[in-house]
């Protein structure tokens, strides 16, 4: 199971939606900024699950360009309703609109 890319609701409640896809996209953004490093590479799988259960996911944002940090953080918000839509993400990446 690709738990490092699964949103909390997908992993813990088997609830998949476009909002869980936005979470996975946030993980992809993190990977791109870290030269394809495994998300949360310093944790074992049970520790990743524990962080998601406690809503304590901690990203290393040092290598994430400032202009992408807010987008990544909002894409991986623990509340699915607070995550942007893919239309909003696309507009933000194209520089058409800020979040």
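As for the range 21-33, it holds no residue that is surrounded by 13 or more Cβ atoms within 10 Å (Cβ to Cβ) and in a loop (DSSP other than H, G, I, E, B).
Each row is one residue, and each column tells you yes or no for (1) farther than 21 Å from residue 93 by Cβ; (2) without any contact (Cβ under 8 Å) to a residue 12 or more places away in the chain.
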| position | (1), (2) |
| --- | --- |
| 10 | yes, no |
| 19 | no, no |
| 25 | no, no |
| 33 | no, no |
| 41 | yes, yes |
| 46 | yes, yes |
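Within this structure, residue 67 fails the test of being surrounded by 15 or more Cβ atoms within 10 Å (Cβ to Cβ), out of contact with any strand residue (DSSP E or B) (no Cβ under 9 Å at 6 or more places or on another chain) and in a helix (DSSP H, G or I). Taken together, 52, 40, 61 contain a single residue that is in a helix (DSSP H, G or I) and surrounded by 12 or more Cβ atoms within 10 Å (Cβ to Cβ), which is 52. Residues that are more than 18 Å from residue 2 (Cα to Cα) and part of a loop (DSSP other than H, G, I, E, B) within the range 70-81 comprise 77, 79, listed in sequence order. Among the residues making up the range 70-89, those that are more than 10 Å from the chain's Cα centre (by Cα) and exposed (fewer than 15 other Cβ atoms within 10 Å of the Cβ) are 70, 79, 81, 82, 85, 86, 87.
No value in this document is a laboratory result; all are computed from the given coordinates. Since the structure is predicted, the reported quantities are computational estimates derived from the model, not experimental observations. Quick reminder, even Gly has a Cβ in these numbers, built from the backbone with ideal geometry, and neighbours come from all protein chains shown.
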